[in-house]
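Comments concern the structure below.
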Amino acid sequence: MAELILGQVLRYEGNPMEEGADAARHSARGGVLVEGGLIRAVGEADDLRRAHPQARVTDCGTHLLSAGFVDAHAHYPQTAIIASWGKRLIDWLNAYTFPEEMRFSDPAHAAEIAGRYFDLTLSNGTTTVCSYCTIHPESVEAFFAEARARGLRAFAGKTCMDRDTAPEGLRDSAQSAHDDSKRLLERWHGVDRLSYVITPRFSPTSTPEQLAALGALWAENPSCLMQTHLSEQTDEIAWVKSLYPQARDYLDTYEAHGLLGPGALFGHAIHLEPRERDRLKEVDASLIHCPTSNTFIGSGLFDMDGLSREGHRIGLATDTGGGSSFSMLRTMAAAYEVAQLRHRALHPAELWWLATQGSARALRAGDRIGNLAPGMEADIIAVDLASTPAIAQRAGRAGDLWEALFPTIMMGDDRAVAAVWAGGRRLEQPA
Ligand code: GUN
Ligand code: ZN
């Protein structure tokens, strides 16, 4: 039976990074008609009620209905070590991340953390994530099994590391990385709403042979995305130069091994050289902005203004657990603050778009998720714009939607997410 969800509605008819806030459409009393897992209609509440008298009505009052958030870069295995103190990237990986990732050879641990991760992300209104797993195939199985059980569109892949820069016990080989990734891809890619992502962690922990093997696998499976890290910290870039003396720059370590193309997702992309920017734009690869991580690990300030003006395809992400939050609201707030430090005030329409349609486009799924429109998958959230006393008193003075929404962007958390639908099914909110 069809469900008619009523509330304020926010959707997009264009890209506000290019067209300004007018690309957004707001209805103060609108609705979304959902049937068979898809959005069938979006419009004014009264019109939809009249046209669909049989539909079951869920009235969300003044809550804001939006597409669910899309987190374009995360590490679900780092859930339990989020907010670990005092290190920069390489030391943080060695001190906190790698020891925790070793535990994912145990399927029970992987299942427990994957379940916990989806409970946390869904309670924060994130209906799609693109995650790294660990080197263990078990970690991929656990991720996809939990995503599937919840009916989610989800992206993930086995993280590959075969170089002795990664610790003993957390290394595969060029061959096993290729073979395991291929097997997992054949098992999960395209099953229900799941997509496999070819995942070399980053150049410093792979040999050129492994990068080439994964490049070959990607060439054979071009419908998969490929995700990795690029130019996150200056120490990391110097390390890459020492490990790959022939490379023109960091991006070239990927490009030379078949790992640069339209379906490539590059996390961070902060300290880019002009050639890298040009090539990334030329091939229309995706850059994933991870602002809470970039401040937390001390990486730097992503050039949102310059890169968006150049027309790069940009997504937004938590990068948990290098990022310090599971919330895309908190992530939008950090993106705002980082852009302010570079003298660009991102409009709430741009921030919300980056967290929904922008990230969905980065994952090449913008025609299915990340917006409210007929034919799109019914991943929907209802957002309470007065979820705490501090937010409520500020929103109470708002003169328009953007003024009403911005306090929730800057100060909101999971308390603002009143309801979540994934694939048209309303999810129970974990306590
Ligand atoms: N670079 C390589 N691996 C990682 C990781 O797990 N987190 C972050 N933030 N950067 C990385
Ligand atoms: Zn990452």
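Straight-line cross-link partners of residue 158 among the lysines, defined as a Cα under 20 Å from its Cα and at least 8 positions apart when in the same chain: 182. In order along the range 75-92, phi translates into HN-Hα couplings of 10, 4, x, 8, 3, 7, 10, 4, 6, 9, 7, x, 10, 9, 3, 5, 5, 5 Hz, rounded to whole numbers, per the Karplus curve 6.51 cos²θ - 1.76 cosθ + 1.60 with θ = phi - 60° and x for Gly and Pro. Scanning residues 5 or more positions from residue 73 or on other chains, those with amide H under 5 Å from its amide H are 130, 318, 319, with H placed 1.01 Å from N in the peptide plane. Over all other residues within a Cβ to Cβ distance under 9 Å of residue 252, the charged ones net out to 0, with Lys and Arg as +1 and Asp and Glu as -1. Residues in the range 33-39 carry Karplus couplings, in order, of 9, 10, 7, x, x, 10, 7 Hz; the curve used is 6.51 cos²θ - 1.76 cosθ + 1.60 with θ = phi - 60°, and Gly or Pro positions show x.
The alpha-carbon atoms of the range 299-392 define a convex hull whose volume equals 129 cubic angstrom per residue. For residue 387, the shell of other residues with beta-carbons less than 10 Å away shows a net charge of -2, using +1 for Lys and Arg and -1 for Asp and Glu.
Other residues with beta-carbon under 11 Å from the beta-carbon of residue 232 carry, at +1 per Lys or Arg and -1 per Asp or Glu, a net charge of -2. Here the residues 277, 425, ranked from fewest to most Cβ neighbours within 10 Å of their Cβ, fall in the order 425, 277. Each peptide in 386-397, 168-179 receives the mean, over its residues, of other Cβ atoms within 10 Å, and ordering these scores from highest gives 168-179, 386-397.
Annotation: amide H of residue 58 within the under-5 Å range of 4, 5, 6, sequence separation 5 or more or interchain, hydrogens built in the peptide plane.
By the count of other C-beta atoms within 10 Å, a proxy for reagent exposure, 70, 34, 240 are ordered fewest to most as 240, 34, 70. When only Cα pairs below 8 angstrom with a gap of at least 6 residues are kept, the range 304-431 shows a relative contact order of 24 percent.
All Cα-Cα separations within the chain were binned at 20 Å from zero, giving a P(r) of 28, 58, 14, 0, each value a whole percent of the pairs. Helix content alone sets the calculated 222 nm mean residue ellipticity of the chain: runs of n ≥ 4 DSSP H residues at -39500 (n - 2.57) each, divided across all residues, give -10000 deg cm²/dmol. Rounded to the nearest 5, the antiparallel percentage of DSSP beta bridges internal to the range 280-431 is 55%. The alpha-carbon positions of the range 1-66 define a convex hull whose volume is 83 Å³ per residue.
We did not get these values from a lab; they are worked out from the coordinates using the rules stated. Not measured: the values here are computed from a predicted model. Every residue, glycine among them, receives a Cβ derived from its backbone with ideal geometry; neighbour counts consider all protein chains shown.
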